[in-house]
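Novice: Supplied in structure tokens, the structure appears directly below.
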Amino acid sequence: MNRTIIFITLISSFMSSAFAGGSSDISEKLKDSIVYLQISYYAYEQYQPWRNKELTESSGVGCAVGANKVITTAYNVANAAFIRAKKTGINEYISAKIEIIDYESNLALIELDSNSLGKPLVPLVFSENYKKGAGVNFYWLSAGGQIYNGRGFLDRAAVDVSTISFSRMLTFIAAGISDSTSFGHLYCLDNKPLGIACWSNENKESGIIPSKVINRFLADVKGGKYKGAGMTGFDTSSLLEPATRKYLKMPDNLQNGVYISAVHTIGTGSDVLKVGDVLLSIDGFDIDPYGKFKHPQFDVLSFDFLITNKTAGDKITFNVWRNGRAQKIDTLVKHFDVSQMLVPWYDYDRQPEYIIVGGCILQKLTKTYLAARGHDWQGKVEPHIYDYLLNHAFEPNEQRKQIVVLSYVLPANINLGYHNLGQLVVDSINGMKINSIKDVPAALSLKPESKFHVIEFEMEQPAIVLDRSQLDSAGISIAQNYGIDKIYNINK
């Protein structure tokens, strides 16, 4: 037989085998389980935090998990001003609202108006099956009410850093996809729901939020009060050097374990682990020197899965090497809100916190604020500010719960000489240490007998001195000149 014919025959056989699990088209069965979502978004200018951006629109897909409830990615509805849905058989849009949103799991539960829905949705049951290399189909509903599908194959499972938050969650990666997938597209394996799409790239790959993450989220929602997924409260580094293991008094026959290089003040393990511990196992799963373990279903994964796959309040057991011996530590899984971070990773769905004093714009530092510098923002941010994000974001304490920065100064007579100042970390105002943005109003009320407000900064930067007697009139003038309708926004 001709070699070319043999080669084509082998490729054809491989492709048929690869897509066998996802070759059947179940579009008709999904017509009452998938909806089209249209979302209008609002946002604020980070460097003019009193100013809204213009509304923009986008679309996505929702997958039914109840008679009038669907899930989609959290990113799809972040900063949503209005949401409406469309299903097959109904030309009119159905009003919708967010019931629960979890940016760490990248999932949102959306409730559709039952009165406008007509026939109830048919909920999907997400299967936790996984077959590396198996063919998968994905489905979506267009604005015109037509269900479309595409295909690919399961390439791998991984624990990746979220594209929208700091969490490290289980993700499936589909390769060789026939079409670009958008947020919320339903992936199926063996005609059973496998997960929903959360990203795609030009290499014909798509990220999938898998059933394990979805089912944990849905079970948590049913509990009444949403607790959230577990968050890791420490950092690790590889433990490969025999000399380091010897220094830690580890026996030669103990080859597993990863070094705990930092312990945060929030997150799972932050209350019981110590820098210098060696993490040997979690819940009986041995951790190798690279911080990975062997999962019976998904092969080799980062240890973070053993934490983020749990719900806050669940029990967890760490086995560590400490002070020359192995120790077992039982504790509870912890979740924390992004607002508890020293430098919050994001501030979706809320106006940036700020206060304007004599033209000085004081703002709460967030990653969103820094990223507003644009492309390659990490290289544009001042090192002393970037250090707080890079090395201390998960380390709030009683003395410092937030970082407040002088963003810049709006030129006015009251602040002559300070117009070029900006991107400085506020240390104190009127002698009061600034723990958070909420401290600023209290600090401004101190020393009423003094003629001046004094704002001092870290790194021995020059202080700003403002004449109190001019503050009110200057504030009115600055607001008029720069179109400011709200001189502060501090969340309760």
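Novice: Would it be correct to say that Tyr418 is touching a strand residue (DSSP E or B) at 6+ places or on another chain (Cβ under 8 Å) and in a loop (DSSP other than H, G, I, E, B)?
Specialist: Answer is yes for this residue.
Novice: Could you list, in sequence order, all residues of segment 202-243 that are of a type in the set (Gly, Ala, Ser) and out of contact with any Cys (no Cβ under 7 Å at 6 or more places or on another chain)?
Specialist: Ser206, Ser211, Ala219, Gly223, Gly224, Gly228, Ala229, Gly230, Gly233, Ser237, Ser238, Ala243, listed by residue number.
Novice: Which residues, taken from segment 128-150, are crowded, with 17+ Cβ neighbours inside 10 Å and more than 26 Å from Gly89 (Cβ to Cβ)?
Specialist: Selection gives Tyr130, Ala134, Gly135, Val136.
Novice: Also, I was wondering about something else. Residue check: is Lys294 part of a helix (DSSP H, G or I), farther than 30 Å from Pro396 by Cα and of a type in the set (D, E, K, R)?
Specialist: It is false that Lys294 is part of a helix (DSSP H, G or I), farther than 30 Å from Pro396 by Cα and of a type in the set (D, E, K, R).
Novice: Please determine, by comparing only the residues of segment 35-92 that are farther than 24 Å from Tyr187 by Cα and in contact with a Pro (Cβ under 7 Å, 6 or more places away or on another chain), which one is modelled with the lowest pLDDT.
Specialist: Only one residue tops the list, namely Tyr44.
Novice: Taking segment 219-236 on its own, how many of its residues are surrounded by fewer than 19 Cβ atoms within 10 Å (Cβ to Cβ) and among the aliphatic types (A, V, I, L, M)?
Specialist: Total meeting the criteria: 1.
Novice: Residue under question is Ser436, and the condition is that it be polar (S, T, N, Q), more than 36 Å from the chain's Cα centre (by Cα) and not in a strand (DSSP E or B); does it hold?
Specialist: So Ser436 does not fit the description; no.
Novice: Next question, about the same structure. If I filter segment 150-186 down to residues being of a type in the set (D, E, K, R) and either under 16 Å from the mean Cα position of the chain (by Cα) or in the same structural domain as Val343 (by TED's automatic domain parsing) (or both), which single residue comes out as farthest from Leu107 (Cα to Cα)?
Specialist: Asp160
Novice: Just to check your reading of the model, which residue among Ile464, Ile414 is under 19 Å from Tyr47 (Cβ atoms), of a type in the set (Val, Ile, Thr) and at pLDDT 95 or above?
Specialist: Step by step, each of Ile464, Ile414 is checked, and only Ile464 is under 19 Å from Tyr47 (Cβ atoms), of a type in the set (Val, Ile, Thr) and at pLDDT 95 or above.
Novice: Residue by residue through segment 249-273, note down the ones that are part of a loop (DSSP other than H, G, I, E, B) and within 35 Å of the chain's Cα centre (by Cα).
Specialist: Gln255, Asn256, Gly257, His264, Thr265, Ile266, Gly267, Gly269, Ser270, Asp271, Val272, Leu273 - these are the residues of segment 249-273 that are part of a loop (DSSP other than H, G, I, E, B) and within 35 Å of the chain's Cα centre (by Cα).
Novice: Go through (1) part of a loop (DSSP other than H, G, I, E, B); (2) modelled with pLDDT of 95 or more; (3) surrounded by fewer than 16 Cβ atoms within 10 Å (Cβ to Cβ) and name the single condition Arg350 misses.
Specialist: The failed condition is (2).
Novice: Now for a separate question. Residue under question is Phe172, and the condition is that it be crowded, with 21+ Cβ neighbours inside 10 Å and either touching a helix residue (DSSP H, G or I) at 6+ places or on another chain (Cβ under 7 Å) or outside any strand (DSSP E or B) (or both); does it hold?
Specialist: no
Novice: What's the total number of residues in segment 237-257 that are touching a Gly at 6+ places or on another chain (Cβ under 7 Å) and either surrounded by 22 or more Cβ atoms within 10 Å (Cβ to Cβ) or among the aromatic types (Phe, Trp, Tyr) (or both)?
Specialist: Summing the residues that are touching a Gly at 6+ places or on another chain (Cβ under 7 Å) and either surrounded by 22 or more Cβ atoms within 10 Å (Cβ to Cβ) or among the aromatic types (Phe, Trp, Tyr) (or both) in segment 237-257 gives 1.
Condition check ((1) of a type in the set (A, V, I, L, M); (2) buried (at least 16 other Cβ atoms within 10 Å of the Cβ); (3) in contact with an Asp or Glu (Cβ under 9 Å, 6 or more places away or on another chain); (4) not in a strand (DSSP E or B)) across all residues:
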residue	(1), (2), (3), (4)
Val440	yes, yes, no, yes
His453	no, yes, yes, no
Asp472	no, no, no, yes
Ile476	yes, no, no, yes
Ile484	yes, yes, no, yes
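Novice: Sticking with this structure for a sec: Select from segment 178-234 the residues that are of a type in the set (D, E, K, R), within 22 Å of Arg156 (Cβ to Cβ) and not in a strand (DSSP E or B) and list them in ascending order.
Specialist: Asp179, Asp190, Glu202, Lys204, Lys212, Arg216
Novice: Let me ask another. Just one of the numbered conditions (1) farther than 15 Å from Lys364 by Cα; (2) in contact with a helix residue (DSSP H, G or I) (Cβ under 9 Å, 6 or more places away or on another chain); (3) of a type outside the set (Lys, Arg) is not true of Val404; which one?
Specialist: (1)
Novice: Confirm whether Ile316 is within 25 Å of the chain's Cα centre (by Cα), touching a residue at least 60 places away in the same chain (Cβ under 8 Å), surrounded by fewer than 20 Cβ atoms within 10 Å (Cβ to Cβ) and outside any loop (DSSP other than H, G, I, E, B).
Specialist: yes
Novice: Which of (1) more than 29 Å from Gln340 (Cβ to Cβ); (2) part of a loop (DSSP other than H, G, I, E, B); (3) among the basic types (Lys, Arg) is the odd one out, the single condition Arg245 does not satisfy?
Specialist: That leaves (2) as the condition not met.
Novice: Take the residues of segment 175-216 that are among the hydroxyl-bearing types (Ser, Thr, Tyr) and free of Cβ contacts under 8 Å to residues at least 60 places away in the same chain: which is surrounded by the most Cβ atoms within 10 Å (Cβ to Cβ)?
Specialist: Tyr187
Novice: Has segment 368-379 got any residue that is in contact with a strand residue (DSSP E or B) (Cβ under 6 Å, 6 or more places away or on another chain), at pLDDT 95 or above and outside the structural domain of Val272 (by TED's automatic domain parsing)?
Specialist: No, segment 368-379 contains no residue that is in contact with a strand residue (DSSP E or B) (Cβ under 6 Å, 6 or more places away or on another chain), at pLDDT 95 or above and outside the structural domain of Val272 (by TED's automatic domain parsing).
The values are calculated or read from the model by the stated rules, or taken from the named source; none is laboratory data. This one's a predicted model, so the numbers in the text were calculated from it and none came from an experiment. Glycine also receives a Cβ, built like all others from the backbone with ideal geometry; neighbour counts cover every protein chain displayed.
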